[in-house]
1. For the chain, what does -39500 (n - 2.57) per DSSP helix run (n ≥ 4), summed and divided by total residues, give at 222 nm, in deg cm²/dmol to the nearest 500?
2. Any idea what diffusion coefficient the chain gets from Stokes-Einstein, in µm²/s, Kirkwood Rh on alpha carbon pairs, 20 °C, 1.002 mPa s?
3. Could you work out how far apart the two model spin labels at residue 94 and residue 25 are, taking each label as a point 7 Å from the Cα in the direction of the beta carbon, and quote it in nm?
4. Return the FRET efficiency for the residue pair residue 57, residue 87: r is the Cβ-Cβ distance, R0 is 25 Å, and the value is rounded to the nearest 0.05.
5. Tell me the angle of helix 79-97 to the major Cα principal axis of the chain, expressed in degrees between 0 and 90 and rounded to the nearest ten.
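None of the figures in this text is laboratory data; all of them are computed from the coordinates on show. Quantities reported herein were computed from a predicted structural model and do not represent experimental measurements. Cβ: placed from backbone, ideal geometry, glycine included. Neighbour counts: every protein chain shown.
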């Protein structure tokens, strides 16, 4: 079974916890990551200085941060399909940490 492979080609910070992401198929998506910034890996991205360090990894063609956080480029490309489930998982991580 084949599925499309998407690559992130550029990223820019456009607001608090929000990125503008451009993909190799010319899709451009603005994503507010606020609802998914929970758990040990993603919670640190609530820090605006760390969040602003998002960059495109030239090897894996997705967004990465210095703390090791990243998202699958296909998930980013199809964000509306995944955002509710990711937000629910982030809430679970936060409850578990409390």
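1. Helix contribution divided over all residues of the chain: -9000 deg cm²/dmol.
2. 156 µm²/s
3. 3.1 nm
4. After rounding, the FRET efficiency stands at 0.55.
5. So the inclination is approximately 20 degrees.
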